Every structure is written in structure tokens, then in C-alpha cells.
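Novice: Starting off with a structure, shown below.
The values are calculated or read from the model by the stated rules, or taken from the named source; none is laboratory data. Given the structure is predicted, the values throughout are model-derived calculations rather than measurements. The accessibility values were calculated without ligands, DNA or RNA, using every heavy atom of the protein model including side chains. Shrake-Rupley method; radii C 1.70, N 1.55, O 1.52, S 1.80 Å.
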Amino acid sequence: MSKEEILEDLHNGVLEMDEDRVKEAAQKALDEGVEPMEAILDGLVSGISEAGDLFDEGEKFVPELLMSSEALYAGLDILKPHVDAKDLGVEGKVVIGVAEGDVHDIGKNLVRLMFDVSGMEIVDIGKDVPNNQFAEKAKEVDADIIAVSAMMTSTMLGIEDIVEDARKTVPDVKILAGGAPLNEKSVVEDFGADGYAADATKAAKRALELMKE
């Protein structure tokens, strides 16, 4: 099988929630000498990104997205042990959660997945998290980044409180925020966070950039 076919198999296996196909393709990737990181990013992650887009468009539903995630993790379990540590970006610890009053955690879970793939250590504090707990948790676990998601206009204002809190409690921690009602201006200029991410893939990239700063 060519590399392109293996990557396509990984991608489609995740998209079609086919765990066995993903496992088979992941093993084939190792056997055929495909770079494990490339198999993860251009196979598994591109599959889950497409699944996420279809979810946003109303073409896929929560249970399907969860099954796609399970298929991705099945492939990740096979590929990740073979990834060269230096390909994983940087060592870092992220506290991730959904702002107070907000129970929409699909976006957060996709971001968490991307952080996981990038080799970061994740402390997931869940959804509808009291805003003062983000900084508290970051202090407790000695985190590098706080990642907060807000999917409603009513809950996005909480990001300002989270930022304010963190600046007092953990001034060195970088704050990354994302969610449907947000944009670069609201997050960085209005709320004072360090970075904004439009989607899960960008969130992982932005987090790596923030850690390098």
C-alpha cells in the first residue's frame, strides 16, 4: 500500500467510525515506514477535523463524533509509542475547561484531543466550571496554559473574570480561549487573554506557540 492510501484509510476510518480499519491502517503505517507523526496528523487528525466540520454543519451528531474519537484513539494507541519525542513539540501542562454556565463540551473535547496528540499533559476540569477554579487549578498543578472554551454569548463574558483571576494568582500562565461567539479581538483586546483559537487544530498550534514564548 502507498503512503497516500494508508493516510486515506486512517482518515476515512476515523470519519466512518471504523475502529478496526483504523487499527489495521495504523499498524500498516508502522510496517510500511510511514512517519508516525505524519500518520497521526495527516490521517487520524485530518479525519477527526472533517468529522468536527460535519458536526458543525449538522451532518453528524454527538454519538457519531464520540465514536470517531474512539476510532482515533485506537489508532493513536498504536502510533504514539513510536513517535520521536522531539516531534511532539514541547513539554507543557494545560488546564482545560468550559466556562461557568456553559455545558457545551464537544469543542473542548476536540481541543483536548489535539493537545493530547501534540504531547502535552492535560488536566481536564470539565464543563460549567466556576470561573475562579481555572486559576486555582493552574496554581495547584503548576500549569503553563489555561485553555477555556465558551460557546454562548452569555458565558463568554466569564473569560474576562478568568483572565483577571489568573493574572493575580498565576501571572506566568498563558491563557488561550475559543468558542463560537469569540474572535481574536474579543479574546485578546477586550478580555486580555494571550491567544485565541478558531478551531481545535489551531488551538494546539497556538498553545505550542504560547509555550515557546
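Novice: Could you give the alpha-carbon Rg of the chain over 2.2 N^0.38 Å, rounded to two decimals?
Specialist: Scaled against compact globular proteins, the figure is 1.03.
Novice: Would you compute the Debye intensity of the range 107-165 from its alpha-carbon atoms alone, equal scatterers and no solvent, and pass along log10 I(q)/I(0) at q = 0.15, 0.26 Å⁻¹ to two decimals?
Specialist: -0.45, -1.22
Novice: For a quick check: with amide H placed at 1.01 Å from N, whose amide H comes under 5 Å from Y196's, ignoring anything fewer than 5 positions away on the same chain?
Specialist: A177
Novice: I'd like the orientation of helix 3-15 relative to the chain: the angle between its Cα long axis and the longest Cα principal axis, in ° from 0 to 90, rounded to 10.
Specialist: Helix 3-15 sits at roughly 60 degrees to that axis.
Novice: Of all the accessible heavy-atom surface of the range 85-213, with the other protein chains kept in place and a 1.4 Å probe, what percent is carbon and sulfur?
Specialist: In the range 85-213, the share of accessible area belonging to carbon and sulfur is 47 percent.
Novice: In the range 2-132, what is the count of Lys pairs whose alpha carbons are under 22 Å apart, counting only pairs at least 8 residues apart or on separate chains?
Specialist: Summing the qualifying lysine pairs gives 12.
Novice: May I pose another question? Which whole-number percent is the relative contact order of the chain (Cα, under 8 Å, 6+ apart)?
Specialist: It rounds to 17 percent for the chain.
Novice: Now for a different question. Quick one: among L44, L157, L72, which has the greatest mean-square fluctuation in a GNM of the chain with alpha-carbon springs under 10 angstrom?
Specialist: L157
Novice: Next question, about the same structure. Springs between alpha-carbon pairs under 10 angstrom, Gaussian network model over the chain: which of G92, G126, G33 fluctuates most?
Specialist: Ranking G92, G126, G33 by mean-square fluctuation puts G33 first.
Novice: With springs connecting C-alpha atoms under 10 Å apart, model the chain as a Gaussian network and identify which of V94, V170, V45 has the largest mean-square fluctuation.
Specialist: V170
Novice: Could you list log10 I(q)/I(0) for the range 119-203 at q = 0.10 Å⁻¹, which the Debye formula gives when each Cα is one point scatterer?
Specialist: Treating every Cα as an identical point scatterer, log10 I(q)/I(0) equals -0.20.
Novice: Output the Kirkwood hydrodynamic radius of the range 1-52, Cα pairs only, in Å rounded to one decimal.
Specialist: Evaluated on the range 1-52, it is 10.2 Å.
Novice: Show that you can apply the helix-only estimate: for the chain, add -39,500 (n - 2.57) for every DSSP H stretch of four or more residues, divide by all residues, and state [θ] at 222 nm to the nearest 500.
Specialist: Mean residue ellipticity, 222 nm, calculated: -15500 deg cm²/dmol.
Novice: Let me ask something else. With the radius of gyration and the Kirkwood radius both derived from the Cα set of the range 1-120, what is their ratio Rg to Rh?
Specialist: Dividing the radius of gyration by the Kirkwood radius yields 0.99.
Novice: Stick to Cα atoms and the Kirkwood definition of Rh, then tell me Rg/Rh for the range 61-155.
Specialist: We get a ratio of 1.01 for the range 61-155.
Novice: Which percent of Cα-Cα pairs in the range 158-213 sits in each 10 Å bin, short to long?
Specialist: 26, 55, 19
Novice: Compute the helix-to-body angle for 106-117: its Cα long axis versus the longest principal axis of the chain, expressed 0 to 90° and rounded to tens.
Specialist: Computed tilt is about 60 degrees.
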